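The values are calculated or read from the model by the stated rules, or taken from the named source; none is laboratory data. Here the structure is a predicted model, which means the values were calculated and not measured. Reconstructed Cβ throughout: ideal geometry from the backbone, glycine too, with neighbour counts over all protein chains shown.
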Amino acid sequence: MKLDFFSVKLTNDRLVFLVKIESGWGEIAPLEMNDQDYEKIKTALCQLQEELKPIGKIKKEEIPFFLDRFNFAPLSYGIEQALLHHYANIKEKSLAELLCDQNKPLTKVKINALIPRVSVYEATKLTTEFLTTGFTTIKIKVGSSDIQDDVCRVKAVREKAGKEIKIHLDANSRWHKNNVLTNLNLLADFGIEYIEQPLPILTDMAWLKDQSPIPIAVDEAVSSLSDLQEAIKLDCCHLVVIKPMFWGSLLQAYQGLKLAQSKGLPVVLTGTLEGPIGRWGVYELARAGQIDRGCGLTGYGYQKGSVMKEISI
């Protein structure tokens, strides 16, 4: 099997690696690519080039064992994605069809817009643009140093968006037990669908769950199947957010979403600001998992054109 790789800079100035194994593409996109990570990835890919040369093909069920050597989630994700994509091409299937086996994947996936921690003016301006574009779900970042900044931002978006638009929030673990309930109560009047990771620790999330006026979702605290099993055991959330790049595997993430769904927990999939190849993998996973909520993949028209067209942009 032939492996090629390229380091490229995205339009958001992030440095990532694109991996091509035979006909399959994958993306390796750490949130921050420092020099040590860059060299680690480059060395691993060079070694893998040599190891793959005498191999004719790898079966789907062999891929998890093949990736065991890598102790770096973005690296595992990119290599697995390329292998799975190539395998899907051989089988003349989409990646979504390969991931979900016998089930029929969705034909399209809902995608949410994203409003960062910006001023009320910027939040209102962005909301207007999103409504014009046709978004029906908006995710707003909260967790500012002053909760009133968050309240004003969320209030402005709700007033501009109207009652029909779904809004969910993401606190990125920035709150603490001594202020989380106050903050949530201040935001609850704006018709919030759910909030992601208001507290960093699963046990604290379990403490919060039954007191929160807003449904809560785990996110950063769950980056593996074992993390998810612990979250389920603690009964600490109403929803689960899965970032496959952090999980290091589309196959593991698919197992995770099916486990969550079997326990009655809705799942949302989110990218990690990677480029079109990495996000395309998440999009295909959302199709395979029948995800019916707005996923965090803003910025690319995945239903239009092939992966190769996205690469050429």
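Assorted remarks:
- Pick from the range 270-287, criterion of a type outside the set (Gly, Ala, Ser) and either assigned by TED's automatic domain parsing to the domain that holds Trp25 or more than 18 Å from Ala88 (Cβ to Cβ) (or both), ranking: nearest to the chain's Cα centre (by Cα): Thr270
- Criterion (in contact (Cβ under 8 Å) with a residue 24 or more places away in the chain, over 28 Å from Asp146 (Cβ atoms) and basic (Lys, Arg)) met by exactly one of Lys258, Lys233: Lys258
- Sole residue being of a type in the set (Gly, Ala, Ser) and surrounded by 19 or more Cβ atoms within 10 Å (Cβ to Cβ), chosen from Gly264, Gly275: Gly275
- Annotation: Asp189 fulfils all but one of (1) out of contact with any Leu (no Cβ under 8 Å at 6 or more places or on another chain); (2) closer than 27 Å to Ala29 by Cβ; the unmet one is (2).
- Here the condition is being within 24 Å of the chain's Cα centre (by Cα), surrounded by 18 or more Cβ atoms within 10 Å (Cβ to Cβ) and not hydrophobic (A, V, I, L, M, F, W, C); of Lys166, Lys93, it holds for Lys166 alone.
- Taken over the range 123-147, the criterion of being under 24 Å from Leu269 (Cβ atoms), among the aliphatic types (A, V, I, L, M) and surrounded by fewer than 19 Cβ atoms within 10 Å (Cβ to Cβ) is satisfied by Leu131 alone.
- For the residues Val19, Val120, the requirement of being surrounded by fewer than 21 Cβ atoms within 10 Å (Cβ to Cβ) and either at pLDDT 95 or above or in contact with a Gly (Cβ under 6 Å, 6 or more places away or on another chain) (or both) singles out Val120.
- Residues that are outside the structural domain of Ala253 (by TED's automatic domain parsing), acidic (Asp, Glu) and without any contact (Cβ under 8 Å) to a residue 12 or more places away in the chain, drawn from the range 96-127: Asp101
- Contacts under 9 angstrom Cβ, first residue in the range 141-165 being over 17 Å from Ile195 (Cα atoms) and of a type in the set (Lys, Arg), partner part of a strand (DSSP E or B) and at pLDDT below 95, 6 or more apart: none
- Yes/no for Tyr77 being part of a helix (DSSP H, G or I), surrounded by fewer than 15 Cβ atoms within 10 Å (Cβ to Cβ), of a type outside the set (D, E, K, R) and at pLDDT 95 or above: no
- Residue identified as modelled with pLDDT under 95, in contact with an Asp or Glu (Cβ under 6 Å, 6 or more places away or on another chain) and not in a helix (DSSP H, G or I) among Glu220, Glu274: Glu274
- Residue in the range 26-44 that is outside the structural domain of Lys139 (by TED's automatic domain parsing), out of contact with any Ser or Thr (no Cβ under 7 Å at 6 or more places or on another chain), more than 27 Å from Thr11 (Cα to Cα) and not in a helix (DSSP H, G or I) present: no
- Every condition in (1) touching a helix residue (DSSP H, G or I) at 6+ places or on another chain (Cβ under 9 Å); (2) without any contact (Cβ under 8 Å) to a residue 60 or more places away in the chain is met by Lys42 except one, and the failing one is (1).
- Taking the criterion of being assigned to a helix (DSSP H, G or I) and basic (Lys, Arg), the only residue of the range 45-74 that qualifies is Lys60.
- Residues satisfying the stated conditions in the range 156-196, i.e. of a type in the set (A, V, I, L, M) and not in a strand (DSSP E or B): Ala156, Val157, Ala161, Ile165, Ala171, Val180, Leu181, Leu184, Leu186, Leu187, Ala188
- Residue pairs whose Cβ atoms lie under 9 Å apart, sitting 6 or more positions apart in sequence or on different chains, and linking a residue in the range 66-83 that is in the same structural domain as Pro30 (by TED's automatic domain parsing) to a partner that is of a type in the set (Lys, Arg) and surrounded by fewer than 24 Cβ atoms within 10 Å (Cβ to Cβ), are Phe72/Lys40; Leu75/Lys40; Ala82/Lys20; Leu83/Lys60.
- Single residue of Leu199, Leu234, Leu225, Leu259 found to be of a type outside the set (Gly, Ala, Ser), buried (at least 18 other Cβ atoms within 10 Å of the Cβ) and in the same structural domain as Gly134 (by TED's automatic domain parsing): Leu199
- Scanning the range 63-74 for residues being modelled with pLDDT of 90 or more and buried (at least 17 other Cβ atoms within 10 Å of the Cβ) gives a total of 2.
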